[in-house]
1. Compute the distance in nm between two label points, each set 7 Å from the Cα along the Cα-to-Cβ direction, one at residue 91 and one at residue 29.
2. Report the calculated FRET efficiency for residue 40 and residue 61 (r = Cβ-Cβ distance, R0 = 41 Å), to the nearest 0.05.
3. To the nearest 0.05, how large is the calculated FRET efficiency for residue 48 and residue 71 if R₀ is 35 Å and r is the Cβ-Cβ distance?
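What follows is calculated from the coordinates using simple rules that are stated; it is not laboratory data. Please read all numbers here as calculations on a predicted model, not as lab measurements. Don't worry about glycine lacking a Cβ; one is built from the backbone with ideal geometry, like all the others, and counts go over all protein chains shown.
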Amino acid sequence: GGRVRSASSPLLLFRGGRDPPAAMAKYNVVQKSKRESSHDRKRRAHGDPNSGKLKHHNAPIAISGKRKRKLLRRLNRDQKEAAMVKALENNMGDVDMVSAEASSETAKDKSQMKFNVKKNSRIQIKRLKGKGRKKAKNVKPPTKEKADAMVE
């Protein structure tokens, strides 16, 4: 709906894909060639060998710090339980341990989720680990000598 441009207009000439008009700044032409060469360099280095296209990588899934701590706690708890079950299996071969073995197998079946934690948040987790909880005294199972003494 505006005015009609004449064929001598530089915009109409440039739109056809011909050489840029003389009115185009030298800087733009140089910048364009630099951009093209950098893109070519990247394609040669990282592109697909056949097509030369660059691969698009998906961004890592963002997990909040609170969620990371929760997952870390769950992971550590599962590892501790597995270690305890293993220790109990080594010490005693009772029938009572069968249920514990079943629970350890279900823990192993869970897929391990890998997530990155920043260094400073790892330090925070270590610092906050003991807060708000009373620490239980170390209760070790009786050693073999004491058990032998009890049997006699």
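1. 8.4
2. 0.80
3. 0.50
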